[in-house]
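Enquirer: Pasting a structure below so you can have a look.
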Amino acid sequence: MRVFDRFSRRAPGGTQQPEDVPTTPTGYQQTASRLHAFNRYEIKYLLDEMKVPALREQLAAHMSADPYSPRGGYPVTSLYYDTPDLRFYWEKIEGLRFRRKLRMRLYGTPSECTEDTSVQVEIKQRVNRVTQKRRLALPYGTARRWLDQREPISCSPAERPFVDEVAMLVGNLDLRPVVTTGYLREAFIGREADLGLRVTIDHKVHGRDRDFHFASGAANRYTIPPKLAIVEIKANERVPYWVTDLAARADMSVVRISKYCQSVQAFGLAPRSTLGAPELVMPADQPVVADL
């Protein structure tokens with residue numbers, strides 16, 4: 001079993017594929033490797049949806065559109081686990097230099113998720129300014145029994161350290177599902193001198209705080225105003241100068257934003273951070289959104 005570093009992986013046939021993108025145009029399943037790990041720097045911006053077409057055009061001049069990312073984006077849904085007192089949430093709010101969180105992630109339409117659908121069980125952690133991810137691909141039913149019912153799973157020796165770490169977190173901290181987040185993601189990948197660069201645009205960010213089965217069909221609510229998109233710049237070592245120039249020209253402001261924290265706050269599970277941007281506060285009668 002190979003462990004993949006940075007945020008690339010080898011697809012069947014030997015071609016290189018970036019992290020966080022489906023391996024096939026349909027089904028959106030990541031099957032190239034069960035175990036996947038990488039480090040990177042991430043910068044997040046908010047952008048008015050009206051400005052997205054111009055940004056898309058400018059990115060296309062320097063980057064390639066991800067071949068598996070249709071215009072408008074592919075669905076991404078994550079179920080976040082936390083302690084009864086929301087330890088992971090508060091670590092983010094307080095800006096701890098070392099923090100982590102556990103989530104289960106689905107690439108694809110939630111309503112099509114079955115017990116056999118491949119999902120990612122992932123630990124995402126922050127060490128100073130570097131984001132690190134380690135994750136394992138499992139059938140959805142297996143992942144749920146492992147995380148929700150504490151049922152042990154079989155794994156290879158290479159996967160054992162990760163599996164033991166997840167089991168320790170779940171058992172020792174009494175982790176349980178807290179919220180889901182979902183959105184439509186467009187992705188662009190660097191070329192030539194910028195091969196380690198990845199830019200994503202996330203639209204229609206929504207979530208819910210109950211009925212956590214991906215295919216439950218339960219109502220979601222926007223957790224970020226739908227007029228705003230989240231733009232993320234992700235790089236192995238450096239962000240090219242043309243990217244920062246582009247962000248400045250588009251009047252994009254760097255934000256400290258967590259989709260998980262936005263969901264926690266949107267559903268009143270914890271007090272809203274005083275550091276949050278006013279434009280991210282949803283009205284009490286926030287609209288219900290359909291399964292995306």
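Enquirer: Once both labels are modelled 7 Å past Cα along the beta-carbon direction, what's the ARG150-ARG71 spacing in nm?
Expert: Here the answer is 5.2 nm between the modelled labels.
Enquirer: Would you kindly give the portion of the calculated P(r) for the stretch 71-183 that falls above 20 Å, as a percent of all Cα pairs? Write down the numbers at each step before the final one.
Expert: Working: 2673 of 6328 pairs.
Tail fraction, whole percent: 42.
Enquirer: Could you give the length gained on full extension between GLU94 and ASP164, defined as 0.36 nm per residue of separation minus the Cα-Cα distance, in nm? Please report the intermediate quantities before stating the final value.
Expert: Numbers: separation 70, 0.36 × 70 = 25.20 nm, distance 2.73 nm.
Length difference between fully extended and current span is 22.5 nm.
Enquirer: So what are the radius of gyration and Dmax for the Cα set of the stretch 195-250, in Å?
Expert: 16.1, 44
Enquirer: Another question, then. For a quick check: with amide H placed at 1.01 Å from N, whose amide H comes under 5 Å from ASP82's, ignoring anything fewer than 5 positions away on the same chain?
Expert: For ASP82, whose amide H was placed from the backbone, the distant partners under 5 Å are ARG176, VAL178.
Enquirer: Something else now. How long is the gain from GLU115 to ARG129 if the chain were fully straight, where each residue apart is worth 0.36 nm and the alpha carbon distance is subtracted?
Expert: The span from GLU115 to ARG129 would gain 1.4 nm if fully extended.
Enquirer: Report the label-to-label distance for LYS227 and ASP48 in nanometres (one decimal), using points 7 Å from each Cα along the Cα→Cβ vector.
Expert: Label at LYS227, label at ASP48, 0.8 nm between them.
Enquirer: May I ask you to derive the relative contact order of the stretch 75-231, considering only C-alpha pairs under 8 Å and at least 6 residues apart, and to give it as an integer percent?
Expert: Numbers: 280 pairs, mean separation 35.5, N = 157.
The normalised contact order for the stretch 75-231 reaches 23 percent.
Throughout, read-outs are computed from the coordinates displayed, never taken from laboratory work. In this text the structure is predicted, and so the values were computed from the model without any measurement. Counting neighbours? That spans all protein chains shown, and the Cβs are built from the backbone with ideal geometry, glycine included.
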